[in-house]
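The values are calculated or read from the model by the stated rules, or taken from the named source; none is laboratory data. What you are looking at is a predicted structure, and each value in this text was computed from that prediction instead of being measured. Positions of Cβ are generated from backbone atoms using ideal geometry, with glycine treated the same way; all protein chains shown enter the neighbour counts.
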Ligand code: SF4
């Protein structure tokens, strides 16, 4: 059986292009400092290939699963954010790590690689809206609120990999750990052995889904800290009674799926298995048949029976690629409308060609560096994750 992938319809919202001016609160919306080749240049593929060949082992290109095909074809390795950071660490001979992903991933790669290596993000506008939802100042203020409520000593911070280096460093300074969507359960088990409460940053959905589905906590054990409200919108009693203090952040891509998407696809495709990422809302995760990280989703579809039917709730570039790789299975996108990660999509072939040709010319563009003090504490939190039982 061979199936074709039906493209969801485009919506202007999902394809929103980010502005070009700098926003001091975000790494997004930053001018490209160079002359980008036009996207219509028919030689882009040949130019990328030639530049990569000229650089040889001096360059190592990492491609996140959510990147466009036009970029992924030049990646030396593909993976999720944590796997890519580890891959970068394992290639000390490469002078330049070109990270086709978003800003926080490039920061993690810089933290884990040697000082001799430089991490390049082809477009500085490739940020992550979720990572932007927790700033260092906001999290420091939250810690003051927890201190005033008399609970800070009992709270262990757990930060999702999808956070800025500043937030990872905060976590390291306060004896916490980083987690990924694959090891969030182990991270929470460890954290609850160290303290009585967890401050989960910045994705409320991953925190809630893991606490309720995997740890046996109830929704009432969780409160949401809203950094835009005084005291996070919580009373001292609510903070004292909670076990999970969830930061009010979410992924703008996975947060788009809702219960209607699940019900609609079940009606449209009888016998379909709904497979979603744990960054989706709790109601979506509860209604799905299977839940897991990006790597889990890839493996589940690799192992699926020919002829089986799947509706997948994660980023569209990846779902489209998986549908193409498995023509013997029916793989559809969970939502009817387009759901790319617009910031991931900032890295396109013109930006990759520009970055590689700059390296060939002896100039290193868009270097991502984390200051040594931040890197030290962020690494402590990353190391704690690696030491999880
Ligand atoms: S998919 Fe979501 S979490 Fe991942 S980079 Fe995009 S906005 Fe951030």
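When 279, 267, 295 are checked against the criterion of being within 26 Å of residue 142 (Cβ to Cβ) and outside the structural domain of residue 143 (by TED's automatic domain parsing), 279 stands alone in meeting it.
Residues that are in contact with a helix residue (DSSP H, G or I) (Cβ under 9 Å, 6 or more places away or on another chain), farther than 16 Å from residue 71 by Cα, in contact (Cβ under 8 Å) with a residue 60 or more places away in the chain and surrounded by fewer than 21 Cβ atoms within 10 Å (Cβ to Cβ) within the range 309-328 comprise just one, 324. For the range 370-389, taking the residues that are over 16 Å from residue 175 (Cβ atoms), modelled with pLDDT of 95 or more and in contact with a helix residue (DSSP H, G or I) (Cβ under 8 Å, 6 or more places away or on another chain), the one that is surrounded by the fewest Cβ atoms within 10 Å (Cβ to Cβ) is identified as 373.
Residue 105 passes every criterion in (1) out of contact with any strand residue (DSSP E or B) (no Cβ under 9 Å at 6 or more places or on another chain); (2) outside the structural domain of residue 242 (by TED's automatic domain parsing) apart from (1). Within the range 119-144, residues that are on the phi > 0 side of the Ramachandran plot and part of a loop (DSSP other than H, G, I, E, B) reach no partner that is modelled with pLDDT of 95 or more and within 15 Å of the ligand (Cβ to nearest atom) with beta carbons closer than 8 Å at six or more positions or on different chains. Can we say residue 67 is under 23 Å from the mean Cα position of the chain (by Cα) and in a helix (DSSP H, G or I)? No; evaluated as a whole, the condition is false for this residue. Annotation note: Cβ proximity below 6 Å between a residue of the range 50-61 that is within 11 Å of residue 75 (Cβ to Cβ) and a residue that is at pLDDT below 95 (sequence gap 6+ or interchain) occurs for 60/91. Give me the pairs, please: first residue somewhere in the range 242-257 and within 13 Å of residue 316 (Cα to Cα), second residue anywhere and more than 10 Å from the ligand (Cβ to nearest atom), beta-carbon distance under 6 Å, and either six or more positions apart or on two chains. Qualifying pairs under 6 Å: 254/280; 257/280; 257/284; 257/313; 257/334; 257/335.
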